[in-house]
Amino acid sequence: MSWSEDKPIVSIKDVKKSFGSLEVLKGVSIDIMKGEVICIIGPSGSGKSTLIRCINALNDIQGGSITVEGREVHDEELDKLELRKKVGMVFQQYNLFPHKTALQNVMMAPLKVLKEPKADVEKRARALIKKVRLEGKENSYPGELSGGQQQRVAIARSLAMRPDVMLFDEVTAALDPETVKEVLVTIKDLAAEGMTCILVTHEMGFAREVADHIYFTDKGVIVEHGAPEEFFDKASDPRTKEFLSQVL
Amino acid sequence: MTSVEAFFEMLYDVHGINVTIGYDSWDRGQFLDGLWLTVQLSVLSIFFSLLVGAIGAWAQGSPLRIIRALVGGFVTFFRNTPPLVQLYFFFFALGTVLRIESDTGLAQPLVSNFGWAVISFSLFAGAMNTEIFRSGIEAVPNSTIEASYAMGFTRLQTYIYIVLPLAIRISLPSLGTNLVNLVKTTTLAYALAVPELLYVSAQIWSDQLNVREMMNVLLLSYVGLVAILVWILHRWEKALRIPGFGG
Amino acid sequence: MYLPLKLPQNPEQRPGYMPVLLPMKSHAAPVGVGTMVQSFLSTKMGLFVLAAFLISLGAASYAQAASGAQLGTIALLWKWTPLLAKGFGFNVLISILSMAIGTVLGVCLGILQVSPNGIIRRVAWLVTQFFRNSPWLVLLFYCILLIPFEIEVFGTTIPFPGWLKAVIGLSLPVMAYMSEYMRGAIQSLPSGQWESADSLGFSRGQTMRMVILPQTVKRLLPPWMNLYAVLTMATPLVSIVGVDEIMSFARAALASENRVDLLIPMYLYVLCWFFIYCFPISGLTRRLENRFAVKS
């Protein structure tokens with residue numbers, strides 16, 4: 001591989017994506033370096049979720065390129081398993097497997113996909129559950145957990161694959177306000193450890209606190225981006241200003 | 001045993017209730033053989049109908065239009081025609097044509113009447129199972145499947161570890177209804193002179209002229225058989241139940 | 001014996017109650033038996049199956065024509081068609097009568113199943129379960145053999161011919177299924193309906209008649225129609241207990257022709273009659289279900 005750590009770990013170049021005649025992404029470019037935390041914000045329907053779903057090939061693209069660690073994602077030849085080992089994803093609706101306990105949810109992919117020995121996987125899974133502060137809930141089923149707890153299990157489940165990049169798709173949007181915080185704290189811990197994170201979020205305060213870089217998207221393009229301070233305090237584009245005035 | 005027989009004889013002598021299978025060992029033997037055959041008929045038909053349903057539901061996900069159309073045609077046909085006529089069609093029409101020469105030179109049926117009954121019931125219930133399984137599979141949320149792909153599971157792994165376990169749970173109530181119906185449908189084998197429970201009971205009541213008694217015994221036997229099946233299904237459902245949902 | 005749309009007796013098993021998927025309600029399309037008949041009951045599929053029927057009939061006839069000078073199978077089928085049509089008329093008549101009796105009894109039994117009186121409720125439940133879990137054919141035998149052939153009421157003798165006993169025999173399972181649908185429909189109404197009627201001073205009977213029952217009609221219609229199709233497909237059973245209908249006439253025709261090559265076409269032809277009658281009912285049921293599903 002030609003990729004080295006001084007090059008972007010995820011490189012999005014002029015990506016175009018449409019659903020039928022509806023063009024959702026009209027040429028978006030973002031570079032993310034290893035260890036960076038970026039937040040993508042913008043009104044609903046601006047294509048932010050679609051963009052990060054393209055990064056791990058859940059959606060295909062019609063133009064441009066996305067590389068992860070130098071490897072083109074939208075390539076027929078691509079080994080999706082290799083990609084998905086590198087890129088973990090957490091969803092808005094948690095999407096835990098309802099018929100498996102918290103621990104089993106975390107262990108499943110390493111066991112079945114990576115085919116690692118059970119003892120190792122279990123040890124790691126227990127450590128991860130502890131890390132997301134859910135000790136004692138190992139044997140609970142998703143239906144027995146609150147939304148925030150389920151979402152933290154989902155994060156642990158993704159981490160169990162030892163990804164290099166984590167994608168968070170509006171992970172707090174479906175949660176009760178009081179449980180949002182526990183999930184954000186978990187993500188913040190992760191960022192502090194140097195995990196590369198790409199977040200789509202509506203939590204502006206959180207974005208400001210945790211992000212290295214903020215991208216504002218609207219109608220399929222990146223309108224404005226910058227480091228949190230300059231972005232929030234010195235936004236120049238009228239669309240950004242309008243959006244910020246509504247959410248802040 | 002003798003005290004039981006004495007009780008049934010007393011029942012007849014004193015109250016005129018003639019339950020011959022209670023005291024007559026020949027009738028009892030007949031009855032139990034019939035019961036056993038009904039159980040065999042049910043178990044085999046249930047097994048094969050589940051197989052037909054699983055294959056049908058799997059084929060229904062095929063990318064080939066022609067395969068989907070064939071499965072759809074099969075389901076539509078068996079759901080909209082009478083099971084008794086289906087059974088006659090298999091036994092009297094196909095069964096008459098499908099014969100082989102035996103050693104004696106006489107044409108022998110390739111499949112026995114019992115065999116045709118199993119085939120017919122399995123296809124009839126299997127058509128329904130196909131639809132039940134298919135809608136169970138469709139009811140698994142797309143986002144759950146997507147999460148599985150995102151974790152690196154292949155299509156087949158997702159099907160085995162995520163879709164099927166959930167689809168079975170979703171299908172179970174409807175499946176139970178269908179299997180109960182299947183057990184009730186096995187009585188149709190009477191029309192092919194398969195000596196199952198209804199057939200032997202009819203023989204007993206024509207010999208002994210105790211229609212009323214045998215009829216009630218028969219009805220209770222079927223209700224009992226169905227109850228056992230329902231109990232098994234209930235146990236299964238309970239074993240599969242996931243804590244924390246709908247409690 | 002067949003699978004009518006049914007609301008399982010256990011409230012937890014009712015369509016829509018899916019323990020597995022409860023947290024994902026938005027995705028959880030109810031998997032009631034009724035809703036699953038769907039995708040493959042399109043008109044196209046019906047025509048497809050019908051075409052398959054005709055092709056098999058044609059193939060059988062062609063094979064016959066090639067083999068000898070006798071009357072072709074199609075011609076033979078045509079010859080017996082008037083008799084078969086008459087027989088099918090009996091099937092339809094029996095199905096309509098059984099449906100009428102079964103529906104009336106079933107609605108009453110269903111209302112008794114939600115009676116405030118615990119004993120009535122339990123007895124009604126027991127009767128429903130008993131008839132629902134008994135094989136249709138056994139119930140038919142029961143009525144044929146145990147109902148007297150005539151009944152004397154006030155000196156006048158009312159004859160009870162076999163076909164009437166068969167009608168009663170078939171109406172019993174219809175009653176049981178109807179009772180279950182009724183109970184399910186009543187219980188599926190929000191309790192607020194009872195409470196608001198209560199607060200307006202309606203008696204229980206008034207509430208039932210004027211508030212609850214009218215609302216159940218919409219919910220009952222699709223399973224009721226499906227039940228009718230199932231009942232129609234059960235009518236050939238009466239031939240086993242000696243009542244004339246299409247199947248017994250078809251077998252009589254086969255016996256008098258005594259031709260092996262007629263067997264497959266004849267049975268296919270009878271299947272065809274039922275398919276043409278029952279398939280549109282299934283299709284209509286599906287459409288009604290879809291329409292109601294959207295509204296409610």
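Across region B:186-244, which residue is farthest from C:Phe141 (Cα to Cα) among those that are of a type in the set (Lys, Arg) and at the interface with another protein chain (Cβ under 9 Å from one of its Cβ atoms)? Reasoning before the result, please.
First, pick out the residues of region B:186-244 that are of a type in the set (Lys, Arg): B:212, B:235, B:238, B:241.
So of that shortlist, the ones also at the interface with another protein chain (Cβ under 9 Å from one of its Cβ atoms) come out as B:212, B:241.
Values: B:Arg212: 11, B:Arg241: 40 Å.
Only one residue tops the list, namely B:Arg241.
Give region B:111-150 a look and list any residue that's within 20 Å of the chain's Cα centre (by Cα), surrounded by fewer than 19 Cβ atoms within 10 Å (Cβ to Cβ) and not small (Gly, Ala, Ser), or say none.
Residues satisfying the conditions are B:Val111, B:Asn113, B:Phe114.
For region B:155-172, how many residues are within 11 Å of chain C (Cβ to nearest Cβ) and within 20 Å of B:Phe47 (Cβ to Cβ)?
Our first condition is that a residue be within 11 Å of chain C (Cβ to nearest Cβ); within region B:155-172, this holds for B:165-172.
Those still in the list that are within 20 Å of B:Phe47 (Cβ to Cβ) too: B:167-168, B:171-172.
So the count comes out to 4.
Test of understanding: among C:Gln215, C:Gln187, C:Gln193, C:Gln206, which residue is touching a Lys or Arg at 6+ places or on another chain (Cβ under 9 Å), of a type in the set (S, T, N, Q) and part of a helix (DSSP H, G or I)? Outline the logic, then answer.
Values: C:Gln215 fails: touching a Lys or Arg at 6+ places or on another chain (Cβ under 9 Å); C:Gln193 fails: touching a Lys or Arg at 6+ places or on another chain (Cβ under 9 Å); C:Gln206 fails: touching a Lys or Arg at 6+ places or on another chain (Cβ under 9 Å).
Exactly one residue qualifies, and that residue is C:Gln187.
For the subset of region A:210-248 comprising residues that are small (Gly, Ala, Ser) and over 18 Å from the mean Cα position of the chain (by Cα), which member is nearest to A:Lys48 (Cα to Cα)?
A:Gly220
From the residues in region A:212-231 that are in a helix (DSSP H, G or I) and either touching a helix residue (DSSP H, G or I) at 6+ places or on another chain (Cβ under 6 Å) or not aromatic (Phe, Trp, Tyr) (or both), which one is surrounded by the most Cβ atoms within 10 Å (Cβ to Cβ)?
Keep residues of region A:212-231 that are in a helix (DSSP H, G or I), which gives A:228-231.
The next check asks that each one be either touching a helix residue (DSSP H, G or I) at 6+ places or on another chain (Cβ under 6 Å) or not aromatic (Phe, Trp, Tyr) (or both); those that pass are A:228-230.
Working: A:Pro228: 17, A:Glu229: 10, A:Glu230: 13.
This residue is A:Pro228.
Among the residues of region A:190-209, is any buried (at least 21 other Cβ atoms within 10 Å of the Cβ) and more than 17 Å from the chain's Cα centre (by Cα)?
Scanning region A:190-209 turns up no residue that is buried (at least 21 other Cβ atoms within 10 Å of the Cβ) and more than 17 Å from the chain's Cα centre (by Cα).
Which residues, counting only those in region A:1-46, are under 18 Å from the mean Cα position of the chain (by Cα) and acidic (Asp, Glu)?
Of everything in region A:1-46, those that are under 18 Å from the mean Cα position of the chain (by Cα) and acidic (Asp, Glu) turn out to be A:Asp31, A:Glu36.
So C:Leu170 fits all but one of (1) exposed (fewer than 14 other Cβ atoms within 10 Å of the Cβ); (2) within 21 Å of the chain's Cα centre (by Cα); (3) hydrophobic (A, V, I, L, M, F, W, C); (4) within 14 Å of chain B (Cβ to nearest Cβ); what number is the exception?
Tallying (1) exposed (fewer than 14 other Cβ atoms within 10 Å of the Cβ); (2) within 21 Å of the chain's Cα centre (by Cα); (3) hydrophobic (A, V, I, L, M, F, W, C); (4) within 14 Å of chain B (Cβ to nearest Cβ), C:Leu170 fails exactly one: (1).
Residues being out of contact with any helix residue (DSSP H, G or I) (no Cβ under 7 Å at 6 or more places or on another chain) and part of a strand (DSSP E or B): count how many of those fall in region A:184-198.
1
Quick one: what pairs do we get from region B:226-247, first residue over 21 Å from A:Pro98 (Cα atoms), second modelled with pLDDT of 85 or more and of a type in the set (Lys, Arg), C-beta under 8 Å, 6+ apart or different chains?
B:Val226/B:Lys184
Can you tell me which residues in region B:57-89 are among the aromatic types (Phe, Trp, Tyr), more than 9 Å from chain C (Cβ to nearest Cβ) and under 21 Å from B:Leu41 (Cβ atoms)?
B:Phe78, the sole residue that qualifies.
Take B:Leu209 and tell me if it is hydrophobic (A, V, I, L, M, F, W, C), out of contact with any helix residue (DSSP H, G or I) (no Cβ under 9 Å at 6 or more places or on another chain) and under 15 Å from B:Asp27 (Cα atoms).
On the way: hydrophobic (A, V, I, L, M, F, W, C): yes; out of contact with any helix residue (DSSP H, G or I) (no Cβ under 9 Å at 6 or more places or on another chain): yes; under 15 Å from B:Asp27 (Cα atoms): yes.
Yes: the conditions hold for B:Leu209.
If C:Arg286 satisfies all but one of (1) touching a Leu at 6+ places or on another chain (Cβ under 6 Å); (2) basic (Lys, Arg); (3) without any contact (Cβ under 8 Å) to a residue 60 or more places away in the chain, what's the number of the condition it fails?
It fails just one condition, (3).
Examine region B:4-13 for a residue that is β-branched (Val, Ile, Thr) and crowded, with 19+ Cβ neighbours inside 10 Å, and state whether such a residue exists.
no
Is there a residue being within 13 Å of another protein chain (Cβ to nearest Cβ), assigned to a strand (DSSP E or B) and hydrophobic (A, V, I, L, M, F, W, C) anywhere in region A:20-27?
Of the residues in region A:20-27, the ones within 13 Å of another protein chain (Cβ to nearest Cβ) are none.
No: region A:20-27 contains no residue that is within 13 Å of another protein chain (Cβ to nearest Cβ), assigned to a strand (DSSP E or B) and hydrophobic (A, V, I, L, M, F, W, C).
Can you pull out every residue in region A:80-100 that is more than 19 Å from B:Pro141 (Cβ to Cβ), out of contact with any Lys or Arg (no Cβ under 9 Å at 6 or more places or on another chain) and outside any helix (DSSP H, G or I)? Show your work before the answer.
If we filter region A:80-100 for residues that are more than 19 Å from B:Pro141 (Cβ to Cβ), which is where we start, we get A:80-88.
With the extra rule that they be out of contact with any Lys or Arg (no Cβ under 9 Å at 6 or more places or on another chain), the set shrinks to A:80-81, A:84, A:87.
Correct list: A:Val87 only.
Any idea how many residues of region B:81-121 are polar (S, T, N, Q), in a helix (DSSP H, G or I) and closer than 22 Å to C:Val230 by Cα? I'd like the intermediate steps shown before the answer.
Here is the first cut: in region B:81-121, the ones polar (S, T, N, Q) are B:81, B:86, B:96, B:102, B:104, B:108, B:112-113, B:120.
Imposing the further condition that a residue be in a helix (DSSP H, G or I) reduces the set to B:86, B:96, B:113, B:120.
Next cut, closer than 22 Å to C:Val230 by Cα only: B:86, B:120.
Adding up the residues that qualify gives 2.
Mind listing just one residue for me: the one in region C:251-260 that is more than 9 Å from every other protein chain (Cβ to nearest Cβ) and crowded, with 16+ Cβ neighbours inside 10 Å and, of those, modelled with the highest pLDDT? If you could, list the steps in order and put the result at the bottom.
Here is the first cut: in region C:251-260, the ones more than 9 Å from every other protein chain (Cβ to nearest Cβ) are C:252-253, C:255-259.
Then drop every residue that is not crowded, with 16+ Cβ neighbours inside 10 Å, which leaves C:253, C:257.
Numbers: C:Ala253: 90, C:Glu257: 83.
It comes out as C:Ala253.
Anything in region B:1-58 that is among the β-branched types (Val, Ile, Thr) and assigned to a helix (DSSP H, G or I)? List them, or say none.
Taking region B:1-58 first, the residues among the β-branched types (Val, Ile, Thr) are B:2, B:4, B:14, B:17, B:19-21, B:38-39, B:43, B:46, B:52, B:55.
The answer is B:Thr2, B:Val4, B:Val14, B:Thr20, B:Ile21, B:Thr38, B:Val39, B:Val43, B:Ile46, B:Val52, B:Ile55.
Here is a list of conditions, (1) surrounded by 24 or more Cβ atoms within 10 Å (Cβ to Cβ); (2) touching a residue at least 60 places away in the same chain (Cβ under 8 Å); (3) not aliphatic (A, V, I, L, M), and B:Gly176 meets all of them except one; can you say which number that is?
Checking B:Gly176 against (1) surrounded by 24 or more Cβ atoms within 10 Å (Cβ to Cβ); (2) touching a residue at least 60 places away in the same chain (Cβ under 8 Å); (3) not aliphatic (A, V, I, L, M), the one that fails is (1).
Check whether at least one residue in region C:102-118 is within 14 Å of another protein chain (Cβ to nearest Cβ), modelled with pLDDT of 95 or more and in a helix (DSSP H, G or I), and report yes or no. I'd like the intermediate steps shown before the answer.
Here is the first cut: in region C:102-118, the ones within 14 Å of another protein chain (Cβ to nearest Cβ) are none.
No - not one qualifying residue is present in region C:102-118.
Taking the stated definitions as given, is A:Gly45 over 22 Å from A:Ala173 (Cα atoms) and surrounded by fewer than 20 Cβ atoms within 10 Å (Cβ to Cβ)? Spell out how you get there, then give the answer.
On the way: over 22 Å from A:Ala173 (Cα atoms): no; surrounded by fewer than 20 Cβ atoms within 10 Å (Cβ to Cβ): yes.
Here the answer is no, as A:Gly45 does not meet what is asked.
Scan region A:165-183 for residues that are crowded, with 22+ Cβ neighbours inside 10 Å and either in a helix (DSSP H, G or I) or among the acidic types (Asp, Glu) (or both) and report the count.
2
Any chance region A:144-154 includes a residue that's outside any helix (DSSP H, G or I), polar (S, T, N, Q) and either touching a residue at least 12 places away in the same chain (Cβ under 8 Å) or surrounded by 21 or more Cβ atoms within 10 Å (Cβ to Cβ) (or both)?
Taking region A:144-154 and keeping what is outside any helix (DSSP H, G or I), we get A:145-146.
When the remaining residues are screened for being polar (S, T, N, Q), the result is A:146.
The next check asks that each one be either touching a residue at least 12 places away in the same chain (Cβ under 8 Å) or surrounded by 21 or more Cβ atoms within 10 Å (Cβ to Cβ) (or both); those that pass are A:146.
Scanning region A:144-154, I find at least one residue that is outside any helix (DSSP H, G or I), polar (S, T, N, Q) and either touching a residue at least 12 places away in the same chain (Cβ under 8 Å) or surrounded by 21 or more Cβ atoms within 10 Å (Cβ to Cβ) (or both), so the answer is yes.
What is the one condition in (1) surrounded by 21 or more Cβ atoms within 10 Å (Cβ to Cβ); (2) in a helix (DSSP H, G or I) that C:Val243 does not satisfy?
The one condition C:Val243 does not meet is (2).
Only residues in region C:210-239 that are under 12 Å from C:Phe292 (Cβ atoms) count as the first member; pair them with residues that are among the acidic types (Asp, Glu), Cβ under 8 angstrom, at least 6 apart or cross-chain, and list the lot.
Pairs found: C:Pro222/C:Glu289.
Exactly one of (1) in a helix (DSSP H, G or I); (2) within 14 Å of chain B (Cβ to nearest Cβ) is unmet by A:Arg162. Its number?
Failing condition for A:Arg162: (1).
Which residue is farthest from the other protein chains (Cβ to nearest Cβ), if the candidates are limited to region A:64-117 and must be touching a Phe, Trp or Tyr at 6+ places or on another chain (Cβ under 6 Å), buried (at least 21 other Cβ atoms within 10 Å of the Cβ) and under 30 Å from A:Lys13 (Cβ atoms)?
A:Glu69
The values are calculated or read from the model by the stated rules, or taken from the named source; none is laboratory data. Computed from a prediction, not measured in an experiment: that's the story for all the values here. Ideal geometry is used to build each Cβ from the backbone, glycine not excepted, and the neighbour counts take in all protein chains shown.
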